[in-house]
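In what follows, a single structure is set out as structure tokens and then discussed.
No value in this document is a laboratory result; all are computed from the given coordinates. Since this is a predicted model, take the numbers as computed values, not measurements. Don't worry about glycine lacking a Cβ; one is built from the backbone with ideal geometry, like all the others, and counts go over all protein chains shown.
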Ligand SMILES: NC(=O)c1ccc[n+]([C@@H]2O[C@H](COP(=O)([O-])OP(=O)(O)OC[C@H]3O[C@@H](n4cnc5c(N)ncnc54)[C@H](OP(=O)(O)O)[C@@H]3O)[C@@H](O)[C@H]2O)c1
């Protein structure tokens, strides 16, 4: 392609001439989001706590990063730094958040940081839409939900229940999302929220984030048994695509549950054991008394209506493990089985 052709192609891209801010740019989800935004022609201002930290080097290696990625130093509790990152942006993706059950570390940065981001977007005067990465933790923690209820965007976690059960991550995400809606309403900011479930799939960053650790523990021998629990899963590339879609679609509004399917832990370990038989995947449940927890029903219709197609969880789990091997977090086995060779493992 000639230089003239390349420039013409670049101008056709949806993000051409648009600048967006991504907070916590070097995180697991945000790294894929930055990659996708760069591919779509956006200029990205990514916030990180220390631009010189080697753990952010993968961002600088992304296609288009040399020309269109600006790393901005910002802690969520530093309003001036957040304002500087958001300045001149047409959109903001607020993805940064602590991911911990320590209430001291979780709640304040999640809530105050979110209010700062919304305020900064309002003050900038150029921001068309803010996309906030909330969580399933703000949706499903409700002990009073009936077994036949289809979990959708109308569901909210019960804050008292989160506190009582010390689920401070879910509590922090739910309160942060509430704060985002309140602040956006008060400041006239167009806010759209993505609520991902547990995110799996390949890692771009060099470190193991919490949801990748959820899979790693079943392979490296650290989990001897699996819990009698159910959880919904989604691929990290679909989560990044959902963020971009709700930003670009003018009709997008409200919350978007981002989930491929709900699995019992037993299903997860079965898939992993079949795909990677050489690892010490647990075969016993830690709860041999209670009946097997039943998966809840969940709707991802809103994102499907925006055209999102979800990656099957078998493929995502396979690629999570391959990625953990490639990055040196797991020894590579002699042979593994391809997801297509699995027959009905999640049925
Ligand atoms: N992964 C999942 O299963 C999942 C599911 C649902 C929702 N989410 C949400 O998705 C978002 C990204 O999560 P992730 O899985 O990608 O986790 P991650 O890899 O741990 O990324 C979190 C990012 O937030 C940054 N951060 C944390 N506290 C900060 C602070 N005080 N100031 C500035 N930056 C801060 C971290 O920066 P440092 O590297 O400097 O710590 C990191 O870049 C979070 O909002 C999370 O709640 C994740």
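Overview of results
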{"item": "Order of 276, 310 under a 10 Å beta carbon neighbour criterion, fewest first", "result": "310, 276"}
{"item": "Ranked list, fewest to most other Cβ atoms within 10 Å of each Cβ, for 32, 168, 181", "result": "181, 168, 32"}
{"item": "Region 115-252 pair-distance distribution - Cα-Cα, 10 Å bins, rounded %", "result": "10, 32, 36, 17, 4, 0"}
{"item": "Percentage relative contact order, region 245-329, counting C-alpha pairs under 8 Å, at least six apart", "result": "44 percent"}
{"item": "For 222, 211, order by how many other beta-carbon atoms lie within 10 Å, fewest first", "result": "222, 211"}
{"item": "Inter-part distance where region 25-45 and region 79-130 are each reduced to a Cα centre, Å", "result": "16 Å"}
{"item": "Within a Gaussian network of the chain (alpha carbon springs, distance under 10 Å), most fluctuating of 144, 195, 56", "result": "144"}
{"item": "Principal axes of the chain: Cα extent on each, largest first, Å", "result": "58, 52, 38"}
{"item": "Ranked by how many other beta carbons lie within 10 Å on average, peptides 44-52, 250-258 from highest", "result": "44-52, 250-258"}
{"item": "Protection proxy ranking of 232-245, 88-101, 118-131 - average other beta-carbon atoms within 10 Å, highest first", "result": "232-245, 88-101, 118-131"}
{"item": "Average Cα contact separation per residue, the chain, under 8 Å, 6 or more apart, as relative contact order %", "result": "16 percent"}
{"item": "Contour minus Cα-Cα distance for residue 332 and residue 182 (0.36 nm per residue)", "result": "49.2 nm"}
